[in-house]
Structure formats: structure tokens, C-alpha cells
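**Q** This structure is in C-alpha cells; I'll ask about it shortly.
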Protein chains: 2
Amino acid sequence: MHRSGFRSADLNAILAAARVTKGALYYHFDNKEALGYAVVDEVLASISREKWVWPLQNAKNPIDALVGIVQGTSCRREDLECGCSLNNLSQEMSPLNEGFRRRTAKLFKDWHDAIAVALRQGQKLGLVRSDVDAGETATFLIAAYEGFISLAKNSQDVRVLQAGQKSVLRLLESLRGRRGLTKGRRVKAG
Amino acid sequence: MHRSGFRSADLNAILAAARVTKGALYYHFDNKEALGYAVVDEVLASISREKWVWPLQNAKNPIDALVGIVQGTSCRREDLECGCSLNNLSQEMSPLNEGFRRRTAKLFKDWHDAIAVALRQGQKLGLVRSDVDAGETATFLIAAYEGFISLAKNSQDVRVLQAGQKSVLRLLESLRGRRGLTKGRRVKAG
DNA sequence: GAAGATGCATACTGGTTGGTATGTTACAGG
DNA sequence: CCTGTAACATACCAACCAGTATGCATCTTC
């Protein structure tokens, strides 16, 4: 489903790979669409929570947390090859299936809100510049991040993803507030 | 093909819509794949050239040209609904078909190079800040632009695209050099 | 004007694939 | 034990759809 997309994903192949029979699947799910919904609601949602929401909620410094998350993004060839599963599903299904669109949109919203809330918290603590709009910045970060992953997936070149990481990290550093510029950190726009 | 993606696009439906018979199609193309290649090489390439490459080559000020292009991006619901056809095809086919991957990658490269060359030219004229890397900036612009289009396609909300335009425009303004800051322009990071 | 080539049109086919109908096992309750 | 039901397994179907086989005008060339 990650490689081929939802519609071109072969149910029989999925069942064979999972060593599950068709009877077992259709006992638990009404149809392929319901299986896809469950993948978004459970698999993709928990990936997003583990990678983004949880670290941001438990971070002392949101910029540091974001830097860590971005740096933690795998640059291995096999991960880069298929891109972001949330973005893939969203792009494929949004114009065609309102159920998929709403579910993926909810994940993007949760992602966005986690970043925005953390940035606002950081602004209160002086760790994040107060002259930026947290909501707009969160959207911008997500757009740039997903955009770079898309370009890297197309080029199939690890260096493209690494360059993208570098750009996003520079953007993150430019968001630090007065109290966030400590211990010899160098910030371009500082 | 734009809505449904390449593989799920129904050839019979395309033929009916174009009022062309299957015999006519298969006289000129070996198979569906060859038709898809032609769409990338001719249709998408000429769209990209008309919208980005040509205006950038004939611009006196690259920032002004980029601002114009970004502002000229349609925010109509029906255009936003299906997203960017180049990015769609690229994301769908890159992991599955090397021919599609190479072709879409070439269009992204031409797009990137057009921006980078224009920015370097602008740097020579003092219209673009000399402390930015033209290549990295071009990639960043494309990534952010495509990222916002993807998010807008998912949300199906015109305001998301408009907010994205605003963010990209702010980024563009921050790139202006000394000789580009005239006639009362206000630049955030200036 | 005969013969081939060009440029299509139409009917058909064969493989793929989501979904179903029916059979079977295992276990729980009485 | 007997019955019922939950939890599967298997064989099959029907639709969809890319691709093909064949037919048929028109046009070119000698």
C-alpha cells in the first residue's frame, strides 16, 4: 500500500504477505476501503504520534525537539524510495474519496497543532521568536518537510533529502528566541 | 489522469472523452505507458516551460518574476482539487517505473535550474542577496511550493493555498538584495 | 486503375482482482 | 454430549480494462 498506493495495492498479495486468508480479512472488514481507513486511523496515526506529537509534548525546548525529529528522519535508500505514507495516501485519495480525505486531513491537523502548540509554549518561555505566527510556521514546516521528501522520492537520491534536512534545520534555527540562543549556537538570521 | 493517477486512469474513458477510438490510439502509441510518457514529455513539460522557465528567462528582476508566478497560481477550487499534475505523476510512479521517474525528474531539474540561474543572475545585479545559495534556495522554493499545494489539495480549502502563497511570498521578499529594496518595499527579515 | 500502404474503427479476449458463497474448525454454554 | 456461534478457510464469480485481431475506408504510387 505504501509503494503501490491504495487502489493499486493487490489485496491477494497483501493477504499472502500477511499470511492471512481472504475469509479472515472479510470477517473483520466490510471491504478494502474499510481496511484502508483502519490503516490511516491506527497505523499512520500512531506513527505520527510517536514521531512528532509525543516528542513535542514532552520537550523542554520545541526547537530542539523539532531539530531532533528532523535529524532523526531516515535517509536510507529504502525509506526514501516510497516517500511519506501519509502524504502518499492523502495525495492519491483526497480527490476521490471523502473518507480518506477527512482521515488524512485529521492527521495533518493533529501534526500541525502539535507543532503550533509547542511553538507558542516556546514563545512564552522566550525560546522561540515572538514575531512569528506559530500556526503559519507550523504549516510552513510541514509543507517544506513533505515537499523535500517528495523531491527526494522522485530523485531517488539521498543527497536531496540530506540537503532538505539542512534547509529545514536552518529554518528551525532562525526561529530561536533570545533565550534560545545559548552556548555558542550560531544562527544565520540571528 | 490528473484526478485518478496514471494507473487508475481508464483508457476507455479517456478515449471516449477525447472522442478517439482505441484503434487510433494504438496506431500512434505502443501502450498506455508510452501515452503516459508523452503526456510528461509534451504536456507537462510545456506547462512548466510556459509558467516558470520562460517568465524567468525573460525577467529583469527574478524576485519580481517569482512573485508574479506564485501570485498567478490559481486558487480556484477545481484547480486546487487535484493538485499539481507533475507532482502527482512523480509521486505515484517514481517507485514503480523508472521511465516515469526519469522524465518527471528531468522536469523538476529544468524547473530548479531555471530558478537557480535567474537567482544567480539577480545576485550579480544586486537584486538578490549574495549570501544565499541559489541552488539550495531553488530547491527550497520548489519543495515549499509543492508542499503547500499538497496540503491544500488534502484540505480542499482555498484558504490553505492562499496562506501558503503568503508564506512563499514572504520567503521571496526575504531574498531581495540591496538594489532590490526600492520604492517603499517592506521586507520582514531585511 | 491496380496494388500496396496509411490511418483509422469495432468487436473481442484474457488476465487481474475485489468481493461472495459455502464449507469447516474450535470452543463455549447448557 | 449437543447446539450454536465465532472465527476462520477455500473455491468461485463477475466486472473491469489493457491490449489485439480483424475489417475497412482513403490515399499514394507506378
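The values are calculated or read from the model by the stated rules, or taken from the named source; none is laboratory data. Given the structure is predicted, the values throughout are model-derived calculations rather than measurements. When we count neighbours, we look across all protein chains shown, and the Cβ atoms used for this are built from the backbone with ideal geometry, even at glycine.
**Q** Confirm whether residue B:119 is within 16 Å of DNA strand D (Cβ to nearest atom) and not acidic (Asp, Glu).
**A** For residue B:119, the condition - within 16 Å of DNA strand D (Cβ to nearest atom) and not acidic (Asp, Glu) - is not met.
**Q** Another question, then. Only one residue in B:113, B:131 is over 14 Å from the mean Cα position of the chain (by Cα) and not hydrophobic (A, V, I, L, M, F, W, C). Which one?
**A** B:131
**Q** Just wondering, is there one or more residues in the stretch A:115-134 that are within 11 Å of chain B (Cβ to nearest Cβ), at pLDDT 95 or above, in a helix (DSSP H, G or I) and farther than 11 Å from residue A:63 by Cα?
**A** No: the stretch A:115-134 contains no residue that is within 11 Å of chain B (Cβ to nearest Cβ), at pLDDT 95 or above, in a helix (DSSP H, G or I) and farther than 11 Å from residue A:63 by Cα.
**Q** In the stretch A:78-111, which residues are more than 9 Å from chain B (Cβ to nearest Cβ), in a helix (DSSP H, G or I) and touching a helix residue (DSSP H, G or I) at 6+ places or on another chain (Cβ under 7 Å)?
**A** A:80, A:85, A:86, A:89, A:93, A:99, A:100, A:103, A:107, A:110, A:111
**Q** Being within 16 Å of DNA strand C (Cβ to nearest atom), modelled with pLDDT of 95 or more and more than 12 Å from chain B (Cβ to nearest Cβ) is the requirement here; does residue A:53 meet it?
**A** So residue A:53 does not fit the description; no.
**Q** Continuing with the same structure: Output the number of the condition that residue B:144 fails; it satisfies all remaining conditions of (1) touching a Gly at 6+ places or on another chain (Cβ under 6 Å); (2) more than 9 Å from chain A (Cβ to nearest Cβ); (3) within 30 Å of residue A:97 (Cβ to Cβ); (4) hydrophobic (A, V, I, L, M, F, W, C).
**A** Of the numbered conditions (1) touching a Gly at 6+ places or on another chain (Cβ under 6 Å); (2) more than 9 Å from chain A (Cβ to nearest Cβ); (3) within 30 Å of residue A:97 (Cβ to Cβ); (4) hydrophobic (A, V, I, L, M, F, W, C), the odd one out for residue B:144 is (2).
**Q** I would also like to ask the following. Is it fair to say residue A:10 is within 14 Å of chain B (Cβ to nearest Cβ), out of contact with any Leu (no Cβ under 9 Å at 6 or more places or on another chain), away from DNA strand C (no atom under 16 Å from the Cβ) and among the acidic types (Asp, Glu)?
**A** The answer is no for residue A:10.
**Q** Of the residues that sit in the stretch B:74-100 and are modelled with pLDDT of 95 or more and either farther than 17 Å from residue A:92 by Cβ or of a type in the set (Ser, Thr, Tyr) (or both), which one is nearest to the chain's Cα centre (by Cα)?
**A** Looking at residues that are modelled with pLDDT of 95 or more and either farther than 17 Å from residue A:92 by Cβ or of a type in the set (Ser, Thr, Tyr) (or both), I get B:85.
**Q** Against the conditions (1) within 9 Å of another protein chain (Cβ to nearest Cβ); (2) surrounded by fewer than 18 Cβ atoms within 10 Å (Cβ to Cβ), where does residue A:181 fall short? Just the number, please.
**A** Going through (1) within 9 Å of another protein chain (Cβ to nearest Cβ); (2) surrounded by fewer than 18 Cβ atoms within 10 Å (Cβ to Cβ) one by one, residue A:181 breaks only (1).
**Q** Still on this structure, I have one more. Among the listed residues B:167, B:150, identify the single one that is in contact (Cβ under 8 Å) with a residue 24 or more places away in the chain, at the interface with chain A (Cβ under 7 Å from one of its Cβ atoms), farther than 21 Å from residue B:50 by Cβ and assigned to a helix (DSSP H, G or I).
**A** Only one candidate passes the filter, namely B:150.
**Q** Something else about it: Considering only residues that are of a type in the set (S, T, N, Q) and closer than 22 Å to residue B:104 by Cβ, look in the stretch B:13-50 and name the one that is farthest from DNA strand C (Cβ to nearest atom).
**A** If we take residues in the stretch B:13-50 being of a type in the set (S, T, N, Q) and closer than 22 Å to residue B:104 by Cβ, then B:48 is farthest from DNA strand C (Cβ to nearest atom).
**Q** Please return the ranges of helices (runs of 4 or more DSSP H) entirely within the stretch B:1-74 where 2 or more residues are more than 16 Å from DNA strand D (Cβ to nearest atom).
**A** Once the helices (runs of 4 or more DSSP H) in the stretch B:1-74 are filtered for at least 2 residues that are more than 16 Å from DNA strand D (Cβ to nearest atom), what remains is B:45-48, B:54-57, B:62-71.
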